[in-house]
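Beneath this line is the structure, given in structure tokens, with notes to follow.
Just so it is clear, none of the values below were taken in a lab; they were calculated from the coordinates. These numbers come from a predicted model, not from an experiment. A quick note on method: Cβ atoms are made from the backbone with ideal geometry, for glycine too, and the neighbour counts reach across all protein chains shown.
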Amino acid sequence: MMMVYNSISALLCLGLFSLPAFALPEGRAAFNWNRIEHVIAFGDSYTYVQGTHGRQNFSFIGDYLDLAYTPDALLSNKIVQDFTGTAEGGPNWVEYLTGCGLKPGLTSPLTCKRKLWDFAFAGADVSEQFTPLHHNFTTPLVNQTAQFLTYGDSVLKHNVGVQPLTTLVAIWIGINDINDSAKYAVPSFKDLYTSIIETIFASSVEPLQEAGYRNFLFLNLPPLDRTPSNLLRDSDVRLPNVTMLGWWNDALLSRAKEFQREASGVKAMVWDANRFLNGVLDDPERYSIRNTTNFCPGYLYTDVLTSPGKYGCPVPLDGYFWFNSGHMTSHVHKLIAPELEQFLLTSSNCK
């Protein structure tokens with residue numbers, strides 16, 4: 001039986017054979033990146049894309065003050081790709097990873113070979129239980145997933161043909177949580193992060209699993225200890241610092257492993273964004289980056305792309321690691337995509 005399954009698994013990985021969900025060996029996850037047709041994303045400004053039915057500069061669709069949307073609104077929604085279409089001055093990692101929404105102008109996810117359904121909200125934390133909203137319209141992660149399961153899940157399954165085995169749920173969250181919580185007197189940051197991550201799984205991941213989704217990708221926290229604003233501080237007073245980031249990232253990895261062990265047929269992957277991005281910062285010339293400590297002060301203006309010198313920027317925007325004090329440039333997001341795709345290929349069940 002194992003030899004037969006391995007042969008089928010190899011054909012699946014090559015994309016030469018389609019195995020119906022009911023035929024899978026019980027408890028065996030069947031993730032294969034080459035066969036993923038849809039990516040459903042949640043998170044904050046590192047992941048959000050602008051939609052024609054979204055709140056300007058914040059979301060693909062809806063906000064906390066108006067969570068409901070119709071099937072027609074979702075299916076007619078388009079990704080906006082311009083200088084302000086993300087928080088990075090250009091495409092972000094999930095657009096580069098899927099190839100969806102890269103072209104300037106408007107793109108319907110329905111027209112993409114690998115469709116991107118991005119419900120991330122710029123400025124989001126995990127839950128109001130731990131940190132206050134940035135704005136009264138900010139949609140936290142737990143509400144993003146609840147919104148999707150209420151208004152989007154059945155639409156994508158029934159109208160677009162979304163299937164669990166050919167769908168990847170991607171979550172990158174925590175940037176705001178670790179920054180926001182650092183402002184308060186917290187008895188134990190390590191315990192706080194563990195509680196927040198437990199909420200991610202209990203209130204977002206597990207409901208998605210119960211809805212049928214089986215393939216989950218998590219990205220850990222980037223090197224926020226090396227942002228331009230943090231570099232202005234002495235290393236011993238930086239917030240967040242390396243230790244804090246390590247606590248969060250260790251807790252995320254541990255909880256994801258536990259989730260995969262306990263949930264039958266689930267693939268839970270954690271990509272080490274922190275390690276890769278620290279590597280970029282340590283060897284920037286390898287990645288055509290010339291400035292890792294500052295950002296161009298003209299990042300708010302569209303003509304900074306063609307006239308960086310006008311704003312006192314000695315190198316083009318793509319030569320910077322940081323887009324502003326807290327976000328990376330689109331160029332860095334582009335660097336992430338091939339590394340992450342290789343990770344997904346390696347994580348596929350291709351034995």
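Some points to look at:
Residues checked against (1) in contact (Cβ under 8 Å) with a residue 40 or more places away in the chain; (2) touching a Lys or Arg at 6+ places or on another chain (Cβ under 6 Å); (3) under 23 Å from Ile171 (Cβ atoms):
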residue	(1), (2), (3)
Gly279	no, no, yes
Thr293	yes, no, no
Leu300	no, no, no
Lys310	no, no, no
Cys313	no, no, no
Gly319	no, yes, no
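- For the range 293-333, a tally of residues being surrounded by fewer than 17 Cβ atoms within 10 Å (Cβ to Cβ) and of a type in the set (S, T, N, Q) returns 6.
- The residue pairs whose first member lies in the range 263-274 and is at positive phi, whose second member is of a type in the set (D, E, K, R) and buried (at least 19 other Cβ atoms within 10 Å of the Cβ), and whose beta carbons are closer than 8 Å, counting only pairs six or more residues apart or on different chains, are Gly265/Arg214.
- For the range 143-179, a residue qualifies if it is touching a Lys or Arg at 6+ places or on another chain (Cβ under 6 Å) and hydroxyl-bearing (Ser, Thr, Tyr), and exactly one does: Thr166.
- The set of residues from the range 210-263 being touching a Phe, Trp or Tyr at 6+ places or on another chain (Cβ under 8 Å), assigned to a helix (DSSP H, G or I) and of a type outside the set (D, E, K, R) comprises Pro228, Met244, Trp247, Trp248, Ala251, Leu252, Ala256, Phe259.
- Of all residues making up the range 97-119, the number that are touching a residue at least 40 places away in the same chain (Cβ under 8 Å) and farther than 20 Å from Thr166 by Cβ: 1
- If you go through the range 200-222 and pick out every residue that is over 14 Å from Ala268 (Cα atoms), within 14 Å of the chain's Cα centre (by Cα) and aliphatic (A, V, I, L, M), you end up with 1.
- Considering residues of the range 189-210 that are of a type in the set (Gly, Ala, Ser) and touching a Ser or Thr at 6+ places or on another chain (Cβ under 9 Å) only, the residue surrounded by the most Cβ atoms within 10 Å (Cβ to Cβ): Ser204
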